[in-house]
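A.B. asks: Shown below is the structure under consideration.
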Amino acid sequence: MSKNKLRSGIAGVGMYVPDKTVTNAELEKIVETSDEWIQSRTGIKERHIASTEQAASDLGVIAAKQALANAKISPSEVDLIIVATATSDMQFPSTACIIQAALGLNDVPAFDVTAGCAGFIYGLSIGSQFIENGTYENVLVIGTEVLSKITNWTDRETCVLLADGAGAVVLRPALPGYGLLALRLGADGSGGKHLLMPAGGSRMPVTSEAIEKNLNTLHMNGHEVFKFAMKKLPEAVEQVLMAAQIDKNEVALVIPHQANRRIIEAAARNLEMPIEKFMINLDRYGNTSSASIPIALYEALENYLIKPGDNIVLVGFGAGLTWGAVAMRWGM
Ligand code: UT7
């Protein structure tokens, strides 16, 4: 680990969730489920759901503005916008371009990243390269999702999990010794069949038949994704800590993708780390895919769980199948 290498740090974080909350009791009225099952199998108590008018960019813009304000950066200073989303406003243009226009910017590059629930980690990793090689100074990375719009509300195996929200960070060059220390990304395309939206792309355009079969909604083999997450989450944390040359005892907080409390608890056990070192807020937000890590990071900061100099790990896994982890020393 070179001491003089220019590193990227997080200068500001923002989040936004829609006003409307849906409790487990409310879901009991639309599918055959129970608050007891959802809480004991996932840890989720309630989630936020977007209004019919709200698209991914609407949520992302609000989170981005808050991240910029917290970083004390004006939108005009942004050099690059990266948006991680599986629920883009439309197939094209990219949600990043829509957010760029909504922020009143033009000329700055903007693009989307598709890496499922690991999308934010992928976006952060890409953005940090531009900082570290000196190309850009202020990179906005946003994770935003309106999963409720691709949810099959008759499928109890997925509808109780999915939710809407957005989180954003501003990356800037960090002071020596701070910022992003190491990253690890991975993918296993052979597992793509376990978590997908079959219709809506060039393989299967949306037809009335596809809609009838709910193929334009998220399909998941929960058991397979669970097994994958149980393996990859601790593995990715271990690998990124090794790359950063940090012992797990020196980690102040791990911020994992918020899919299922049992997955996070198993990772803590597997890594022999106390569960208190894992940020968990899925009880109030459900699974917001690429937004879950920046939302959890925002709340960790709000609750003073991270202080300058702390080593933290962000780790995600999801559709692709993909995974990724980032180790950082907090502070600028
Ligand atoms: O963010 C992207 C990554 N996604 C994930 O990480 C999700 C990973 N998977 C999971 O979190 C879990 O697999 C689930 C929460 C989706 C399911 O939990 P599980 O403990 O693996 O349950 P299961 O799929 O083995 O199902 C157990 C039983 C089944 O009934 P039978 O066959 O035993 O009679 C299901 O039909 O629970 C039933 N079940 C439900 N019951 C009440 C499934 N969903 C529900 C439900 N309410 N909502």
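The values are calculated or read from the model by the stated rules, or taken from the named source; none is laboratory data. Everything numeric in this text was worked out from a predicted model, so none of it was measured. Note that each Cβ is placed from the backbone with ideal geometry, even for glycine, and that neighbours are counted across all protein chains shown. When the accessible area is computed, the model is the full protein with side chains, heavy atoms only, and any ligands, DNA or RNA have been set aside. Shrake-Rupley method; radii C 1.70, N 1.55, O 1.52, S 1.80 Å.
A.B. asks: Counting other Cβ atoms within 10 Å, which GluC sites (Glu not before Pro) in the range 1-94 have at most 15 and lie in a DSSP loop?
C.D. replies: Numbers: sites: Glu26, Glu28, Glu32, Glu36, Glu46, Glu53, Glu77; in loops: Glu32, Glu53.
Counting only loop positions with at most 15 other Cβ atoms within 10 Å, the GluC sites (Glu not before Pro) in the range 1-94 are Glu32, Glu53.
A.B. asks: With only alpha-carbon pairs counted, each pair once and no self-pairs, how large is the Kirkwood hydrodynamic radius of the range 8-177 in angstroms? List each step's numbers first, then the result.
C.D. replies: Values: mean 1/r = 0.0599 Å⁻¹.
This gives a value of 16.7 Å.
A.B. asks: Relative contact order for the range 146-266: what is it in percent, counting Cα pairs under 8 Å that are at least 6 residues apart?
C.D. replies: Values: 82 pairs, mean separation 30.5, N = 121.
For the range 146-266, the relative contact order is 25 percent.
A.B. asks: Normalise the Debye intensity by I(0) for the range 112-201, one equal point scatterer per Cα, no solvent, then take log10 at q = 0.16, 0.17 Å⁻¹ and round to two decimals.
C.D. replies: -0.80, -0.87
A.B. asks: Could you work out the relative contact order of the chain, using alpha carbon pairs under 8 angstrom and six or more residues apart, expressed as a whole percent? Provide the component values of the computation, followed by the final result.
C.D. replies: On the way: 833 pairs, mean separation 86.6, N = 332.
Value for the chain: 26 percent.
A.B. asks: Ratio to report: Rg/Rh of the chain, with Cα atoms as the point set and Rh obtained by the Kirkwood method; give two decimals. Working shown, then result.
C.D. replies: Working: Rg = 18.7 Å, Rh = 19.7 Å.
Over the Cα atoms of the chain, Rg/Rh equals 0.95.
A.B. asks: Mind listing the long-range amide H neighbours of Lys20? Cut-off is under 5 Å, sequence gap 5 or more, other chains count too, H placed in the peptide plane at 1.01 Å from N.
C.D. replies: Ile49
A.B. asks: In whole angstrom, how far apart do the alpha carbon centroids of the range 123-154 and the range 1-66 sit?
C.D. replies: That distance is 14 Å.
A.B. asks: Just want to confirm a number: the relative contact order over the range 180-329, from Cα pairs under 8 angstrom separated by 6+ residues, in percent.
C.D. replies: Details: 239 pairs, mean separation 55.6, N = 150.
Relative contact order for the range 180-329 comes out at 37 percent.
A.B. asks: Right, next: Need the list of lysines near Lys248 for cross-linking: C-alpha distance under 25 angstrom, and skip anything on the same chain fewer than eight residues off.
C.D. replies: Cross-link targets: Lys3, Lys5, Lys227, Lys231, Lys232, Lys277, Lys307.
A.B. asks: Share of the range 180-329's accessible area from carbon and sulfur, percent, 1.4 Å? Don't skip to the end; give the middle numbers.
C.D. replies: Working: 3360 of 6560 Å².
That fraction is 51 percent.
A.B. asks: Restricting to Cα atoms and excluding each atom paired with itself, what does the Kirkwood estimate give for the range 180-329 in Å?
C.D. replies: Values: mean 1/r = 0.0612 Å⁻¹.
Every distinct Cα pair counted, the radius reaches 16.3 Å.
A.B. asks: If the chain between Glu302 and Met242 were fully stretched, how many nm would it gain, using 0.36 nm times the residue separation less the Cα-Cα distance? All intermediate terms of the calculation are to be shown ahead of the outcome.
C.D. replies: On the way: separation 60, 0.36 × 60 = 21.60 nm, distance 2.86 nm.
Full extension of this stretch gives 18.7 nm more.
A.B. asks: Hey, for a label at Ser208 modelled as a point 7 Å past Cα toward Cβ, could you say which residues of the range 138-173 have their backbone N under 19 Å away?
C.D. replies: No residue passes the distance filter.
A.B. asks: Can I ask one more? What's the FRET efficiency of Asp19 with Glu157 using the Cβ-Cβ distance as r and R₀ = 25 Å, to the nearest 0.05? Mind dumping the intermediate values first?
C.D. replies: Numbers: r = 27 Å, r/R0 = 1.08.
FRET efficiency, Asp19 to Glu157: 0.40.
A.B. asks: How much accessible area per residue does the range 253-332 have, in Å², with a 1.4 Å probe?
C.D. replies: On the way: 2510 Å² over 80 residues.
In whole numbers, the range 253-332 has 31 Å² accessible per residue.
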